[in-house]
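The next block holds one structure in the form of C-alpha cells; read it before the comments.
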Amino acid sequence: PRTLRPEDAWGITPWDRADCKRKIADLRYEGPFTPPETGGWIGYPSYFGGSNWGSLAVDPERDLLVANTSQMASKLRLIPRSEYNARMEGGVSEAVMLESWEPQMGTPYAVTRGFLVSDWGLPCSPPPWGTLVGIDLVTGDIRWEVPLGTTADLAPFGLALPLGVPNQGGPIVTASGLIFIAATMDDYIRSFDVETGEQLWQARLPAGGQATPLTYRVRPDGKQFVVVAAGGHVMMETTPGDSLVAFALPD
C-alpha cells in the first residue's frame, strides 16, 4: 500500500471506523516519505513491516521465495527533548513502553511511535494486516498471497475473522512442500501448501510464537519434527510464556 486517506479507515463498527477516520485526518500523511513533525504523522508502511524480523524461506527446487509481511499504519510524533527528559525522570510507565518513547541522538527531539489503532485496539488501516507471500525467484512475480492469522486474540468477544494479522517470525519450507510459520498475534502455528498457499493445518500454542520454527530428525530414517519457541512478544502484546513446542509430522 502507498496511501492512507480518512475514507480508507477500517472498523468492525461504525463507531470505531469513525474514530479511525478522525485519527487519520488529524495526522499528517503525504505518502511513505512524509517528513517528521511535532504535530504527528502517519508511517505507512510502518516501521513494523512489510517484511521484518524473522527473514525469508527459499525453496530452491521450486524457485520460490516465501515471505511474511505486516501491513500496519503507525502514528509518530516528534517530542521536544525537554518534555522527553521530564517524562523519563518520572519513570517509564506502561503507556510509555507500549507507545515507545525514544531519543533522537544529536537532535533536540525524541520520537514517540506506536500503531495507529481505534479505541478498541484494532488497526485503522484496512486489512489484510498480515500476509504470507510466494514469490517466483525467476520472474519476480507473486505466485500467491494469502492472509496470515485471524483476529481471535485481538477482536472483542474472541471474533476470529480471517483477515490476516501483524506478525513477527519467519517461515520455513520442507522438501515435501510444506511451509510452517507461527509469528501471528493469535498464538497459532500453521502449515501451508508451498504450491498454492492453501492453509493445511494449525495448532494452538501456549504463548505467542514470535519466532521462526525449525525442523529436524534425530536420524536419517527417523520421524521428522517441527519445533517452535513460544515466548510471546511484549510490544505486540501476545501471550507471554516460556515454552518450546514440538510437533511430529506424519509418516
| query | Label Phe33 and Asp251 with points 7 Å out from Cα along Cα→Cβ: what is the distance between them in nm? | reply | 6.0 nm
| Per residue, how much accessible area does the range 1-160 have with a 1.4 Å probe, in Å²? | 52 Å²
| request: Under a cut-off of 14 Å between alpha-carbon atoms, report the aspartates and glutamates in cross-link reach of Lys223, not counting same-chain residues fewer than 8 places apart. | output: Asp251
| query | For the pair Ala203 and Met235, how long in nm is the line joining their label points, each one 7 Å along Cα→Cβ? | reply | 3.0 nm
| query | Fully extended, how many nm does the chain gain between Leu214 and Val111 (0.36 nm per residue separation, minus their Cα-Cα distance)? | reply | 33.4 nm
| field | Heavy-atom accessible area ranking, 1.4 Å probe, most first, across Ser82, Ser118 | value | Ser82, Ser118
| note | If one compares the long axis through the Cα atoms of helix 14-26 with the longest principal axis of the Cα atoms of the chain, the angle in degrees, nearest 10, works out at 60 degrees
| note | On the accessible surface of the chain, probed at 1.4 Å with all protein chains in place, carbon and sulfur together account for a percent value of 56 percent
| About the Cα centre of the range 7-152, what is the dipole size in debye to 20, counting +1 per Lys and Arg Cβ and -1 per Asp and Glu Cβ, all else neutral? | 380 debye
| request: Among the aspartates and glutamates, select those whose C-alpha is under 18 Å from the C-alpha of Lys21, and discard any that sit fewer than 8 residues away in the same chain. | output: Glu7, Asp8, Glu30, Asp119
| Hull-based mean projected area of the range 1-65, where the convex hull spans the alpha carbons, in square nanometres | 6.7 nm²
| task | Sum -39500 (n - 2.57) across every DSSP H segment of at least 4 residues in the chain, then divide by the residue count to get the 222 nm mean residue ellipticity, nearest 500. | result | -3000 deg cm²/dmol
| request: With a/c under 1.5 counting as rounded, go ahead and sort the range 38-128 into rounded, prolate or oblate using the C-alpha gyration tensor (a ≥ b ≥ c being the square roots of the eigenvalues; past the cut-off, prolate if a/b is larger than b/c, else oblate). | output: prolate
| Label-point gap, in nm, between Ile12 and Gln104 - each point 7 angstrom along Cα→Cβ | 3.6 nm
| said: Below 8 Å between Cα atoms, with a sequence gap of 6+, how large is the relative contact order for the range 34-144 in percent? | reply: 28 percent
| What full-extension length gain, to one decimal in nm, is calculated for Arg22 and Phe225 as 0.36 nm per residue of separation minus the Cα-Cα distance? | 68.2 nm
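The values are calculated or read from the model by the stated rules, or taken from the named source; none is laboratory data. Computed from a predicted structure; not experimentally measured. Neighbour counts are summed over all protein chains in view; Cβ atoms, including those assigned to glycine, are modelled from backbone coordinates with ideal geometry. The protein model used for the area step is the full one, side chains on, heavy atoms only, and it has no ligands, DNA or RNA in it. Shrake-Rupley method; radii C 1.70, N 1.55, O 1.52, S 1.80 Å.
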